[in-house]
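What follows is one structure encoded as structure tokens, with my remarks underneath.
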Amino acid sequence: MKIKVEISKQIALVTGANRGLGRYIAQELLSRGAKVYAGARNPEMIDLPGVIPLQLDVTDEKSIAKAAEIAKDVTLLINNAGSFTGASLLDGEIDKIRLEMDTHYFGTLRVIRGFASIIEKNGGGTILNILSVLSWLSLNEGGAYSAAKAAEWSLTNSFRLELASKNIRVAGLHVGYMDTDMTAGVTAPKSKPADIAKIAIDGIEDDRYE
């Protein structure tokens, strides 16, 4: 049975919140009354009034552990941090392919493992993983990104089952082209990240799976 999530009562952590969609999601959460930790590898880059800057590198377990010691009241986790190298699976640099997987798959895995017990202790809550339409399909370039996002989608579905008994709901948001730094060279139509942020939080509020 679906429940209505009261955003104003949530303590949220948004990874990759210093720019792009992450910043807009943090802003949307603030506007609805939530307390927001804004995670970033370089927290001095966070310029959104009202959030609590938090040093958080999703590729570094020690960084995640330190963040978990500070943000002990989290009930809503949004895994937004990402990377895009444009690497091809056939002839791209292995280090770039590894970075995509380490950020999107293992990074999301690390953060969820670091915060699931915290969310459970706080009575349960929600995890939203920012995915992509490229979780479902591949283009002629950037195959490393598509593979990493597909893996993250599978992780999302597995965690949904595993965490249900702990009263933690897990959802995925599959994003198309947005007008952010990552798509600066794309000439196709793009969504406004502020609109996507609203859709994301509406989805959490309505307890949607995807």
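The values are calculated or read from the model by the stated rules, or taken from the named source; none is laboratory data. This structure is a prediction, so every number in the text was calculated from the model and none was measured. Cβ placement follows ideal geometry from the backbone for every residue including glycine, while neighbour counts extend to all protein chains displayed. We work out accessible area using only protein heavy atoms, side chains counted, and drop any ligands, DNA or RNA first. Shrake-Rupley method; radii C 1.70, N 1.55, O 1.52, S 1.80 Å.
Key figures for this structure:
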{"quantity": "Linear extension gain, Y209 paired with A164, 0.36 nm per residue minus alpha-carbon span", "calculated": "15.0 nm"}
{"quantity": "Å² of accessible area per residue within segment 63-210, as computed with a 1.4 Å probe and no ligands counted", "calculated": "50 Å²"}
{"quantity": "Restraint check, K9/K72; K96/K198; K9/K198; K96/K149; K35/K121, Cα-Cα greater than 20 Å", "calculated": "K96/K198"}
{"quantity": "Dipole in debye (nearest 20) - segment 61-164, about Cα centre, beta carbon charges: Lys, Arg +1; Asp, Glu -1", "calculated": "340 debye"}
{"quantity": "Compactness relative to 2.2 N^0.38 Å, alpha carbon Rg of segment 64-157", "calculated": "1.19"}
{"quantity": "Carbon/sulfur fraction of accessible area - segment 121-164, other protein chains in place, 1.4 Å, %", "calculated": "55 percent"}
{"quantity": "Efficiency of FRET from Cβ geometry, D91 and R32, R₀ 30 Å, rounded to 0.05", "calculated": "0.10"}
{"quantity": "Pairwise FRET efficiency - K198 versus L139, Cβ, R0 = 25 Å, nearest 0.05", "calculated": "0.40"}
{"quantity": "Shape category assigned to segment 1-123 from the gyration tensor of Cα positions, a/c cut at 1.5", "calculated": "prolate"}
{"quantity": "Cα extents of the chain along the three principal axes, largest first (Å)", "calculated": "47, 37, 31"}
{"quantity": "Approximate spin-label separation E69-H174, in nm, with each point projected 7 Å along Cα-to-Cβ", "calculated": "4.0 nm"}
{"quantity": "Total charge dipole magnitude, the chain, about the Cα centre, Cβ charges on Lys, Arg, Asp, Glu only, Debye to nearest 20", "calculated": "620 debye"}
{"quantity": "Normalised alpha carbon radius of gyration of segment 84-123 [divisor 2.2 N^0.38 Å]", "calculated": "1.64"}
{"quantity": "Cα-derived Rg to Rh of segment 14-62, Kirkwood definition", "calculated": "0.96"}
{"quantity": "Segment 64-110: Cα Rg divided by the 2.2 N^0.38 Å rule of thumb", "calculated": "1.48"}
{"quantity": "Separation in nanometres of the label points that stand 7 Å from Cα toward Cβ, at R41 and E61", "calculated": "2.0 nm"}
{"quantity": "The chain - mean residue ellipticity at 222 nm from DSSP helices (-39,500 (n - 2.57) per run, n ≥ 4, rounded to 500)", "calculated": "-12000 deg cm²/dmol"}
